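Peer 1: Below you will find the structure I want to go over with you.
Since every read-out is calculated from the coordinates, none of them should be taken as a lab result. Just so we're clear, the structure is a prediction, and the values are computed from it rather than from any experiment. Cβ: placed from backbone, ideal geometry, glycine included. Neighbour counts: every protein chain shown.
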Amino acid sequence: MNQQERVSPRTAAPAEGSSCSRLSPWVLLISALAVKTALMTVGLVVLFHRICGQYKTLPQNASEWHCITSGPASQKDSWKCCPEGWRPFQESCYYFSDDQMPWDKSQQNCSGMDSQLVVINTKAEQDFLYKEIGRQMKYQQHSIHLYIGLRAQEVGQWRWVDQTPYNETAAFWRPGEPSDDPNELCVVISYHKDIFRNWNDVPCRIHSYRICENAAETL
């Protein structure tokens, strides 16, 4: 090797240092941009959760939800939410069926959706159901019958499906009902326009629509 081809370590080192010096501003710039991007991402996530916080705990298998505020209009941090196709009211969600089946099959169908045939506890709940049935276009006919979660093993011994005690003062029988017929041990809402008290006892084998009830998701 001649003198021109020989490279001294002392002359190579400064060249490497010069290269690092040229790269340092770019490294710092890229690092700064990365930190800024991370901070912006965190800020957007926090903002998103504040605006749409009512959806943050919804089950992933539900495509759409219907939510109402559970407190004053000024307090948007608490919501009652129901799956698409269910209607919210107070603490519950309600499903109004499209098909008809006997009482036992109706209760099984509701149970398969983690719910039960509706248990009516108050006048306000009865009023909601009455108005909702009248609102739904699929029930626009002369009369309609929908099973609720009330039945008897023997005449007069009415029991709700969730074992809620039967309260005569919170019952909404049609005039002349219940008939106390031993063949009519299940109860339907027999909907007619302008008739608020509309419960009727019927044979459990008849095919009727149904109303299922489940607890609303609190978010």
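Peer 1: Where in segment 126-219 are there chymotrypsin sites (Phe, Trp or Tyr not before Pro) that are in a DSSP coil and have at most 14 other Cβ atoms within 10 angstrom of their Cβ?
Peer 2: Values: sites: 128, 130, 139, 147, 158, 160, 166, 172, 173, 191, 196, 199, 209; in loops: 166, 172, 196.
Counting only loop positions with at most 14 other Cβ atoms within 10 Å, the chymotrypsin sites (Phe, Trp or Tyr not before Pro) in segment 126-219 are 166, 196.
Peer 1: What do you get for GluC sites (Glu not before Pro) in segment 107-184 restricted to DSSP loop and a cutoff of at most 12 other Cβ within 10 Å of the site's Cβ?
Peer 2: Working: sites: 125, 132, 154, 168, 184; in loops: 154, 184.
Sites meeting the loop and neighbour criteria: 154.
Peer 1: Provide, in order from the shortest bin, the percent of all Cα-Cα pairs of segment 89-218 in each 5 Å bin, continuing until the bin that contains the maximum pair distance.
Peer 2: 2, 11, 22, 26, 23, 12, 3, 0, 0
Peer 1: Okay, moving on. Could you please tell me the mean projected area of the C-alpha convex hull for segment 88-165, averaged over all directions and given in square nanometres to one decimal?
Peer 2: On the way: hull surface 24.2 nm².
Averaged projected area of segment 88-165's Cα convex hull equals 6.0 nm².
Peer 1: Taking amide H atoms as placed 1.01 Å from N in the peptide plane, list the residues 5 or more away in sequence, or in a different chain, whose amide H sits under 5 Å from that of residue 66.
Peer 2: Result for residue 66 returns 82, 84.
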